[in-house]
Amino acid sequence: MCGIIGIVSKNEVVNRLIDGLARLEYRGYDSAGIATINSSEIVYSKSTGKLVSLKNKIKENPIDGHVGIGHTRWATHGEPIEINAHPHVTKNVAVVHNGIIENFAEFKDELLEKGIIFNSQTDTEVIARLIEEKISKEKCGPLEAVRLTIEKLRGSFALCFIFKGFEDLIVVTRRGSPLALGFGDRENFVSSDALSLSIFSKKICYLEEGDLATLTSDEVKIYDSFGNSVFRDTQILYTDPINLSKGQYKHFMEKEIFEQPEVISQVLGYYLDAFEGTLSLPSLPQSTEIKRIILVGCGTAFYSCLAAKYWFEGLSGIPTHAELASEFRYRSPVICKGDLLIFVSQSGETADTIGALRFAKKYTKNILSVVNVEQSSIARESNWVFPTKAGPEIGVASTKAFICQLIVLKILNIKFASDLSKISAKHRSNLLNGLLELPRLYAEILSQNENIKQLCKKFIGSNSVLYLGRDVLYPIALEGALKLKEISYLHAEGYASGELKHGPIALIDKSMPLVALNPWSKVFEKTLSNLEEVKARRGKIILFTDKKGRELSKDLTKSIFQLPSCSEFLTPILYSLPLQLIAYYTALDKGTDVDQPRNLAKSVTVE
Ligand code: F6R
């Protein structure tokens, strides 16, 4: 993964490269670096840790130039130490890379045999060394050197290069990883993501697979993988630049949790006409032609797929599968006529999900995506797009984007069920009205955040937490456990309540906290029995339930948080919120880096 940026201009670029990197830090934040050309020579600065370390280093030892490239890293090959930070620089070239070169080892061996000395453990340095050979030994020009080198590479890459002696040139290329170009007034830009360019330019274009481009301050030339000069459609970015302000909040995650009532209203407003009680949806396939739905995603997005599986089968009666993107494409799944593939992703750039989408495209055109970043690769490669409208999500742990995914999938569910006459007009209107209650219910729960904070004290001294849910609250238990692991580094596992007795119950003792989701429902009593089994083994139960559930569980535990009563149809969306707060307050207590937890990145652009 990693974020890359380049600027070629008539003016100084270093401060702007840093501003651009700040908007790319979600892609990785274990080290960062910048290279420019000054008096024809390559100069660079790199630092481990967050971008702020690089910024401070450059403040102390300034570098400048009118052309430059920058990188923020999420380590793949080689530890996150300074020598492995990008740019990788040789005598004549500096390169930044997003992706993985799968066959780097064979080239490295050849180069080592020739006596070339490597400074880093990265796959990327091999690219710099190969290009150096082309320039210094074979006397190739920059573009030719890049073209001949990438022909040999296997894997995925987005690459930006600058060259000694070339003060007005960046060469870029991509395969597998995205690159967007931005067009300015006597300056041009390149970045892993168009949104980070929006602070510099509104006019952008995306490079296609295999494209190569040269950028000078006055001109951009694009070539396809065969070397033909090509045009790529430009578009105007209508989105506001990413707002990097936390406002009154300590963390982006806190802000993103607390702004959910507003964000939910936003997504509902996009799809529903509250006054008329009607849906206004983007185009989508005929419900009657859908014989099966396959939902695909990773991590949190996969859990929204899993929740939707329960919904699509339960309400619409359409056979549905939820698939992990990283498994889907490699296990020869059967895709039939009449299948609708739904890809769910916040970033729209997750390599596993893109890989699964491209695999599915070989078999069907029925590709719909539910994405938050509307300019993303997944959105651009889908035939139908349902945006989640959550706004930029900066905190690495997904919160509001997950909730908006659930809402959009729920809306699709109602649409299919209604088209297939599985629900009456009245039922449909009740369901839509139910959704409109969500902002109020969210605000109600958020106003009790202090009570949830108190419940987190139960985790003190524990090494592990179990999360239990049954039926459609099972995916929510999985998501709650993931959230806790990610940001508090406390081990947590989610289980379907009925599964506890098949193994995990062996873990229960008096030091084991167990978070249970059990509002009154058709499976309430079954889960209550499972929780009694936990109590009998002296597990510490923290129960999330509603009024009726509380009355029936009063002998079970004293640690109960009561949520507003609502229809079963809304519980997954409602019960996700206290679990987000639990993860947040636990992490706060442990003093971890909530917005940028260790080892993670917001957008996982490698397999
Ligand atoms: C968890 C989290 C990740 C992502 C996953 C997929 O909080 O954010 O598990 O959900 O990496 O990312 P997207 O949704 O961007 O495809």
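Going by how many other Cβ atoms sit within 10 Å of their own, how do Arg16, Arg73, Arg358 line up, fewest first? Each step should come with its number before you reach the end.
Details: Arg16 19, Arg73 29, Arg358 15.
Taking fewest neighbouring Cβ atoms as first place, the list is Arg358, Arg16, Arg73.
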Problem - Amide proton proximity set for Val370, modelled H, under 5 Å, gap of 5+ - result: Phe343, Val344, Ser345, Phe386
Exercise for the section: Between Glu444 and Leu279, with labels modelled 7 Å along Cα→Cβ, what's the label distance in nm to one decimal, could you check? Expected result: 2.6 nm
Exercise for the section: Order these peptides, 251-259, 561-569, by their mean beta-carbon neighbour count within 10 angstrom, highest first. Expected result: 251-259, 561-569
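For the pairs Lys46/Lys152; Lys415/Lys526; Lys250/Lys590, flag any whose C-alpha to C-alpha distance is greater than 25 Å.
In this structure, Lys46/Lys152; Lys415/Lys526 exceed 25 Å between Cα atoms.
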Handout entry: Cα centroid separation, region 560-576 to region 175-233 (Å)
Key = 46 Å
Exercise for the section: Output ³J(HN,Hα) for region 284-292: one whole-Hz value per residue in order, computed from phi by the Karplus curve 6.51 cos²θ - 1.76 cosθ + 1.60 with θ = phi - 60°, and x for Gly and Pro. Expected result: 7, x, 4, 4, 5, 8, 8, 9, 7
Problem - J(HN,Hα) series, region 208-216, from Karplus relation 6.51 cos²θ - 1.76 cosθ + 1.60, nearest Hz, glycine and proline x - result: 9, 3, x, 5, 10, 8, 10, 10, 10
Fill in the blank from the handout: Given pairs Lys400/Lys426; Lys59/Lys164; Lys389/Lys426; Lys522/Lys547; Lys458/Lys558 and cut-off 18 Å on Cα-Cα distance, the over-length ones are Lys400/Lys426; Lys59/Lys164; Lys389/Lys426
Handout entry: Under-5 Å amide H pairs with Ser565, H placed in peptide plane, nonlocal only
Key = Lys547
Fill in the blank from the handout: For Lys422, the aspartates and glutamates lying under 16 Å Cα to Cα, once residues fewer than eight places off in the same chain are dropped, come out as Glu289, Glu313
Practice task
Measure off 7 Å from each Cα along the Cα-to-Cβ vector at Asp109 and Asp555, then give the distance between these two points in nanometres to one decimal.
Solution key: 7.0 nm
Completion exercise
In degrees, nearest 10, the alpha-carbon axis of helix 524-536 is tilted away from the dominant principal axis of the alpha carbons of the chain by 80 degrees
Exercise for the section: Sort region 7-107 into rounded, prolate or oblate with this rule: let a ≥ b ≥ c be the square roots of the eigenvalues of the Cα gyration tensor; rounded if a/c is under 1.5, and if a/c is not under 1.5, prolate when a/b is larger than b/c, oblate otherwise. Expected result: oblate
Handout entry: Burial ranking of peptide ranges 546-555, 345-354, 213-222 (average Cβ count within 10 Å, highest at the top)
Key = 345-354, 213-222, 546-555
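Read-outs throughout are calculated quantities, based only on the coordinates presented, and are distinct from any laboratory measurement. Here the structure is a predicted model, which means the values were calculated and not measured. Every residue, glycine as well, gets a Cβ built from its backbone with ideal geometry; the counts of neighbours run over all protein chains shown.
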